[in-house]
Amino acid sequence: MNPETVQTIIDDLGALLLFTMILIIAARQISHAIHAVAAQSLLIAIAGAVLATATGNEDLWVIAGVTLAIKAIVLPWVLHWVVRRLNVRREIEPVIAISATLALAVGVVVMSFHLSASLGPVRQAITGNALPVGIALTLLGVLVMATRKTALTQMVGLFASENGIFFTAMAVTQGMPLIIEIGVILDVILAALVMTIMVLRVRSTVDADIADLDRLRG
Amino acid sequence: MAQMLLWVLPLVPTVTALLMLTTRDRRILSVIDVGSSAVLFALTLVLAREVATGGPQALGVLRVDDLGLVFLLLLVILTLAVSIYTVGWLRQAVEVGNMKAESLRSYFVLMHAFVATMVVTVLADNLGVLWIAMEGTTITSAVLIGYHGHQHGLEAAWKYIIVTTIGISFGLFGTVLVYAAATDVMGGAGAMSWSAIMKVAPMLDPGIVRIGFIFVMVGYGTKAGLAPMHLWLPDAHSQAPTPVSALLSGILIKCALLAIIRFQTIASAACGPAFPAEVLLVFGLTSVVVATPFILVQQDIKRLLGYHSIEHVGIVALGLGFGGSVGTYGALLHVVNHGITKALAFFAAGTAIARYGSRDIHVIRGLLAVAPIGATLLMLAALSLAGMAPFSIFVSELMVLRAGIGHGHWVAIAIFLVMVVVIFAGLLHHVGAMVFGEPTAAAGREVEAWSPLLGMLLLAAIMVLLGLTIPASFDGLLERATEVVVG
């Protein structure tokens, strides 16, 4: 593949990634948000495969495979399992209206593109628009976490945020060292595991959502 | 030999953690705990001597230089003190039912896993490994914070894991950006190694490094407890078991500062020292200002100490921001001073809380009458934390001030001084009321246990010593560490 084709594909994938992010923000049911973040991870895996073919960097195949297995299949499955287990009656509970969050999201995306357009020469180190898309996804993930009151939605925001970082890291011309990427994914798995245990533990003792507890103040 | 030690150090707590899986007996667990911490301490001293004579040592992704050594020494001293303190603390906690006798094993295993991840954080040369280890500290310590298992503990643990995980995702993004800038100059191999990046740092693209540094500052700043990303800190510090609080405040937030310093050196070389200095000043001043009102109105002694840590992390950031050799030396000295003193304060507060069965400052009264040694140590720690001469924190705060005056940061200095004076009065008012006066009915009258006292005396001795004089070998270490940062 020639560099222009790769750049076009990465840019298209970037647009799709932003679209899945909008779906996560607009989701009114937790299961929709989980589907959207799984789709997002799938797109990241495809981006990894495309970059692996284009650059001949075999490590990227491994990373794409691990992303597909862990982030697109296992973690969403675990989240669905928790949803069923908890029998979540209350769906997504936004702190501010979803439409307002969407408006903020548009601002974040515009700002991200504006920011990386000002960088100039640096852009050659990172393929296509991976940098602004990555920045936007990371910030929007934080936005989701800050504006939702349920633990599971906060976890979805966290995964989306990390997807943004992975997308940018893959698109750095040389790719990240394999061992580092594996370590990062391992950390994500462990963090998700600990969070899941905490959510179940609080639900079993006080029948409340852990993210909704607010006794500690001042 | 010295290179091998680099890998042995993180293995000591790891092997200890595995070894602890074989027993459930509290006494045996405590013996292994203290023994392992003593071994870690001894090995670090050997490594320190090697570094003093042979310069920085590196093997693979791990590397130790004088800068890392300052943090490593603080880490092993605090680990040793915590282990000694834990012996008596645990006996008491099991008696009153705060800790369940049958689940002690997992507590010790997590503690050592936590220490192992911090050792790797301090020794990491590869910035990716640094990040992975830092996230490792989050996972292990989150479980420890919620260890008591009650609703408040779990709430604090959730807030902690969510806020710091999202925080250090920013750190990872910053790392990726700096890596992208480095690969542009030197190609992929070794572009994540801090020492390799430092060699080419002046050639890095300043635009991308600048954005990378801001991401890193927000990311690791969250973990360091810098305002306005400090939201997790007071909850976590107040809800965690006391030995964990001491480690969180004493060394964990300092590990995050070390990560910030590593990126500060890269950013200083790539875009000039003025830019990172300004960012550090802004976060430092915000932290000092934000912490002050919460210290004044606080009812909960451990929350009080937590907010106080935010102020002191802010002071370290100010010292790094004022820069120059005086500011950086002062900041590094302050890291050590605050780590030792704050761990002591948490220990003393923890024994007082156990005695009165409450964290409320209004309930803990007349400590001097019922526990004279513990009360004296608490008062000494508070005097030092408030910045009273001749204690160690006074010395490092003065250095930070001198650096600020030397570089003409008058506004920052004025705000800093006002806040320090206000906090001085607020802290001594609170602690004075706890120590003096008539003991309340809630006060336990039992004799003070020896092991917590021993742990506290160890830290108090170091605190007093560093206030009176800085030993020549330690001074040399700080000088060389300052050179690593300032260049």
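The values are calculated or read from the model by the stated rules, or taken from the named source; none is laboratory data. Bear in mind the structure is a predicted one, so any value in this text is a computation, not a measurement. Positions of Cβ are backbone-derived with ideal geometry, glycine not excepted, and every protein chain shown enters the neighbour counts.
For (1) more than 21 Å from B:I253 (Cα to Cα); (2) assigned to a helix (DSSP H, G or I); (3) away from chain A (no Cβ under 11 Å), each residue gets a yes or a no:
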site: B:G88; (1), (2), (3): yes, yes, yes
site: B:V94; (1), (2), (3): yes, yes, yes
site: B:A133; (1), (2), (3): no, yes, no
site: B:K159; (1), (2), (3): no, yes, no
site: B:D184; (1), (2), (3): yes, yes, no
site: B:G190; (1), (2), (3): yes, no, no
Report the residue count in region B:260-298 for those that are more than 14 Å from chain A (Cβ to nearest Cβ), surrounded by 23 or more Cβ atoms within 10 Å (Cβ to Cβ) and more than 22 Å from the chain's Cα centre (by Cα). 2
Does B:A256 count as touching a Lys or Arg at 6+ places or on another chain (Cβ under 6 Å) and within 21 Å of B:V122 (Cβ to Cβ)? yes
Within region B:171-182, identify whether any single residue is assigned to a helix (DSSP H, G or I), at the interface with chain A (Cβ under 9 Å from one of its Cβ atoms) and surrounded by fewer than 22 Cβ atoms within 10 Å (Cβ to Cβ), and answer yes or no. no
With respect to B:T222, is the statement that it is polar (S, T, N, Q) and either at pLDDT 95 or above or at positive phi (or both) true? yes
Specify the residue that is nearest to the chain's Cα centre (by Cα); the eligible residues are those in region B:161-170 that are at the interface with chain A (Cβ under 8 Å from one of its Cβ atoms) and of a type in the set (A, V, I, L, M, F, W, C). B:I161
Restricting region B:470-487 to residues that are of a type in the set (A, V, I, L, M, F, W, C) and in a helix (DSSP H, G or I), which is farthest from B:G324 (Cα to Cα)? B:A472
Which listed residue is within 26 Å of B:L73 (Cα to Cα) and more than 7 Å from chain A (Cβ to nearest Cβ), from B:H112, B:H150: B:H112
Hey, any hits in region B:427-445 for a residue that's within 24 Å of the chain's Cα centre (by Cα) and touching a residue at least 60 places away in the same chain (Cβ under 8 Å)? yes
Test result for B:A345, modelled with pLDDT of 95 or more, within 17 Å of the chain's Cα centre (by Cα) and within 16 Å of B:A433 (Cβ to Cβ): yes
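For (1) crowded, with 21+ Cβ neighbours inside 10 Å; (2) free of Cβ contacts under 8 Å to residues at least 24 places away in the same chain; (3) over 12 Å from the mean Cα position of the chain (by Cα); (4) within 8 Å of chain B (Cβ to nearest Cβ), each residue gets a yes or a no:
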| site | (1), (2), (3), (4) |
| --- | --- |
| A:S116 | yes, yes, yes, no |
| A:A130 | yes, no, yes, no |
| A:G134 | yes, no, no, yes |
| A:F159 | yes, no, no, no |
| A:G164 | yes, no, no, yes |
Go over the candidates B:R49, B:R105, B:R63 one by one and state the one that is surrounded by fewer than 22 Cβ atoms within 10 Å (Cβ to Cβ) and not in a helix (DSSP H, G or I). B:R63
Among A:V172, A:V188, A:V142, A:V184, which is the only one that is facing chain B (nearest Cβ under 9 Å), within 23 Å of B:P234 (Cβ to Cβ) and out of contact with any Pro (no Cβ under 6 Å at 6 or more places or on another chain)? A:V142
Segments classed as helices (runs of 4 or more DSSP H), wholly inside region B:198-259, with at least 2 members that are of a type in the set (S, T, N, Q) and either within 22 Å of B:W89 (Cα to Cα) or away from chain A (no Cβ under 14 Å) (or both): B:232-239, B:242-247
Check whether at least one residue in region A:35-52 is assigned to a helix (DSSP H, G or I) and surrounded by fewer than 16 Cβ atoms within 10 Å (Cβ to Cβ), and report yes or no. no
Of (1) facing chain B (nearest Cβ under 7 Å); (2) farther than 15 Å from A:L139 by Cα; (3) not aliphatic (A, V, I, L, M), A:Q154 fails just (2)
Quick one: is B:E446 farther than 21 Å from B:T242 by Cβ, surrounded by fewer than 19 Cβ atoms within 10 Å (Cβ to Cβ) and at pLDDT below 90? no
Does B:T53 qualify as being closer than 27 Å to B:G88 by Cα and of a type in the set (S, T, Y)? no
Options B:K302, B:K342: the member that is touching a Lys or Arg at 6+ places or on another chain (Cβ under 6 Å), charged (D, E, K, R) and touching a residue at least 12 places away in the same chain (Cβ under 8 Å): B:K302
So B:V119, is it over 18 Å from A:E181 (Cα atoms) and either more than 8 Å from chain A (Cβ to nearest Cβ) or assigned to a helix (DSSP H, G or I) (or both): yes
